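In what follows, a structure is listed as structure tokens, so that the remarks can point back to it.
The values are calculated or read from the model by the stated rules, or taken from the named source; none is laboratory data. Since this is a predicted model, take the numbers as computed values, not measurements. Reconstructed Cβ throughout: ideal geometry from the backbone, glycine too, with neighbour counts over all protein chains shown. Just so you know, the surface numbers come from the protein's heavy atoms only, side chains and all, with ligands and any DNA or RNA stripped out. Shrake-Rupley method; radii C 1.70, N 1.55, O 1.52, S 1.80 Å.
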Amino acid sequence: MTDKIFDSTTLERALAFARREHNLLIDGQSKPAISGARYDVINPATCERLASVAQAGAEDLELAVKVATEAFNSRWSPLPPNERQRLLWRLSDLIEKNADELAVLETLNNGKPVREARFMDITNAINTLRYCAGWTTKLNGETVSVSHPGSWHSYTVRQPYAVAGLITPWNAPIMMAVAKIAPALAAGCCAILKPAEHTPLTAIRIGEIALEAGIPPGVLNILPGLGTEVGEAIVSHPAIEKISFTGSGCVGQRILATASHSLKRVTVELGGKSANIIMPDADLTKAIPGSAKAIFGNAGQICNAGSRLYVHSSVYDKTVEGIAEFAHSLVVGNGLSPDTQMGPLISRPQLERVCAYIDSGLKDGASLITGGKTLDIGGHFIEPTIIANTRQSMSVVQEEIFGPVLAVQRFDDADDLAGIAELANGTHYGLGAMLWTNDLSKAHKLAARFKAGTVRINGGGLDPALPFGGFKHSGIGRESGREGVEAYTEEKSVMIAL
Ligand code: NAD
């Protein structure tokens, strides 16, 4: 990409793709829903209709499960691991080749700045595929020394589930889809992916690219549709052995309850309300922009956004002023414009929800430092917002807003590590925690105290090798890392009398 980010041909190709009549992908074929149902997908930056997509139902799922099971038995699980590795690498190469077009398509559908789509989400998807491709040849069991009377050769093996049901949210569509497809296929499972209803387009394109890469038909099936229809059908289908879900806590709880009837294996990656702590000795030249990006990136629609800021009183004014300046300088607009740094929220209900949280914070006695207003520029836009003087009990501190709203508090005693950890751990979430300090000893001590799946000290980001997931209400299980691939396998112990 150049400074222009993309050229007119790339835009035309992405628009031409979006305007196709999109169908379900089952057994490598584009099929309308059996019911004939379709729905419209909206561009959140313009509120205009972007695409028409087939809406899968339970009867489409039935067919997809049948073909995925068949593909598992005849085409995917018999492949030697290095062949699966080659195909996943080929998929990553083709995504790289089409990266600019995919980035534009993601921006049209989700609204995020195209630079963010290209250099964060798509780069991450490519890296995840390559990382998981490496695991195909390394999913080993071990030999085990048993003490059982007699003479034994004992070992463990890891076997993939035949069909995995993958359900993703709208905030990082391509990244979330690949975060599930890559480990599932690497482990040897066949997959049925249900993208979020708002943002199915890049997942549909990935389905096409997977076929082009040579991944056999039926190994990856894409079923756009409603959570309450095809989503629930996936979770309750008896032949789907594994569910991997990323989304909201209430849907996650519902999925766990439904899946418990058939004792399905379930990974749930849920919401967050991550604390970001700035100690008196922090390097503010890094902490200020780092903290601003942690909440305003993707317009705050990030599960582990640094949405609760705790600043030591000695650096409070300078820090809050600095983040407010950063917020003022952000260019908010259509993500296709090369200058845009923050795009729209995904939908009108999401915009209303974010506004309602800001109002509730102010009613509860918090003060507005900057932002707070919607922007009448065509889509679901809101200003980056900072509210200070918040208290732990306020809903803006306790609940996930999923928008560009930073709730700020100050603390006085930088030596009271138990007190700082109590603030950080003081919600029912436990996805992430950030800390800015140059005191190595405090950094390690606090990292040990945080009840969070990911702790970032003086920066950091996503890496496919690092397990990602939540403590407490932020989820069960981990994605990424070895654990993320092993989550698509069942371990078996074998004992042979010698
Ligand atoms: P959501 O829970 O509304 O929907 C997520 C997915 O679940 C969608 O595909 C939806 O169609 C489907 N779904 C809805 N109801 C269902 C049901 N009854 N059965 C099966 N599937 C159903 O979440 P969202 O609004 O799309 O995404 C935002 C949420 O996702 C936030 O809470 C955010 O924190 C969370 N999230 C978490 C992570 C993580 O890794 N922990 C990452 C991204 C987003």
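Things worth noting here:
- Matching residues, the stretch 394-430, being within 27 Å of the chain's Cα centre (by Cα) and part of a strand (DSSP E or B): Val405, Leu406, Ala407, Val408
- Tallying residues that are of a type outside the set (Ser, Thr, Tyr) and either open to solvent by less than 40 Å² (accessible area, probe 1.4 Å) or closer than 21 Å to Asp100 by Cβ (or both) within the stretch 346-363 yields 7.
- The stretch 1-76 holds strands (runs of 3 or more DSSP E) entirely within its bounds, and those carrying 3 or more residues that are of a type in the set (Gly, Ala, Ser) map to 48-54.
- Val104 being open to solvent by less than 20 Å² (accessible area, probe 1.4 Å) and either more than 30 Å from Ala294 (Cα to Cα) or in a helix (DSSP H, G or I) (or both): yes
- Flag for Lys242 being under 28 Å from Gly432 (Cβ atoms), surrounded by 24 or more Cβ atoms within 10 Å (Cβ to Cβ) and either in contact with a Lys or Arg (Cβ under 7 Å, 6 or more places away or on another chain) or without any contact (Cβ under 8 Å) to a residue 40 or more places away in the chain (or both): yes
- Of all residues making up the stretch 219-239, the number that are free of Cβ contacts under 8 Å to residues at least 40 places away in the same chain, more than 6 Å from the ligand (Cβ to nearest atom) and among the polar types (S, T, N, Q): 1
- Residues located in the stretch 261-307, provided they are away from the ligand (no atom under 12 Å from the Cβ) and open to solvent by 30 Å² or more (accessible area, probe 1.4 Å): His261, Ser262, Leu263, Arg265, Pro280, Asp281, Asp283, Thr285, Lys286, Pro289, Lys293
Listed here are the residues, each with its yes/no results for (1) touching a Leu at 6+ places or on another chain (Cβ under 7 Å); (2) without any contact (Cβ under 8 Å) to a residue 40 or more places away in the chain; (3) of a type outside the set (Ser, Thr, Tyr).
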residue	(1), (2), (3)
Thr156	no, no, no
Gly165	no, no, yes
Ile174	yes, no, yes
Ala184	yes, no, yes
Pro195	no, yes, yes
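- Figure legend. Inter-residue proximity from the stretch 330-350: first residues among the hydroxyl-bearing types (Ser, Thr, Tyr) and part of a loop (DSSP other than H, G, I, E, B), second residues at pLDDT 95 or above and surrounded by 17 or more Cβ atoms within 10 Å (Cβ to Cβ), beta-carbon distance below 7 Å, spacing 6+ or different chains. Indicated pairs: Thr340/Pro113; Thr340/Gly333; Thr340/Asn334; Ser347/Pro44; Ser347/His198; Ser347/His380.
- In this structure, Val311 does not qualify as more than 16 Å from the ligand (Cβ to nearest atom), outside any loop (DSSP other than H, G, I, E, B), open to solvent by 10 Å² or more (accessible area, probe 1.4 Å) and more than 15 Å from Ile401 (Cβ to Cβ).
- Thr489 being β-branched (Val, Ile, Thr), touching a Lys or Arg at 6+ places or on another chain (Cβ under 8 Å) and surrounded by 15 or more Cβ atoms within 10 Å (Cβ to Cβ): yes
- Residue count for the stretch 329-345 under the criterion of being out of contact with any Asp or Glu (no Cβ under 8 Å at 6 or more places or on another chain) and either closer than 17 Å to Asn276 by Cβ or open to solvent by 30 Å² or more (accessible area, probe 1.4 Å) (or both): the result is 6.
- Among the candidates Ala497, Ala447, Ala465, residue that is without any contact (Cβ under 8 Å) to a residue 24 or more places away in the chain and not polar (S, T, N, Q): Ala447
- Test result for Ser244, in contact with a Leu (Cβ under 6 Å, 6 or more places away or on another chain) and more than 9 Å from the ligand (Cβ to nearest atom): yes
- Qualifying residue in the stretch 453-474 (condition: within 14 Å of the ligand (Cβ to nearest atom), open to solvent by 40 Å² or more (accessible area, probe 1.4 Å) and among the aromatic types (Phe, Trp, Tyr)): yes
- Only residues that are basic (Lys, Arg) and assigned to a loop (DSSP other than H, G, I, E, B) were counted in the stretch 351-379, giving 1.
- Within the stretch 66-80, the set of residues being closer than 16 Å to Gly214 by Cβ, of a type outside the set (D, E, K, R) and surrounded by 15 or more Cβ atoms within 10 Å (Cβ to Cβ) comprises Ala71, Trp76, Leu79.
- With respect to the conditions (1) free of Cβ contacts under 8 Å to residues at least 60 places away in the same chain; (2) closer than 21 Å to Val114 by Cβ; (3) surrounded by 15 or more Cβ atoms within 10 Å (Cβ to Cβ); (4) touching an Asp or Glu at 6+ places or on another chain (Cβ under 9 Å), Phe326 falls short on a single one, namely (4).
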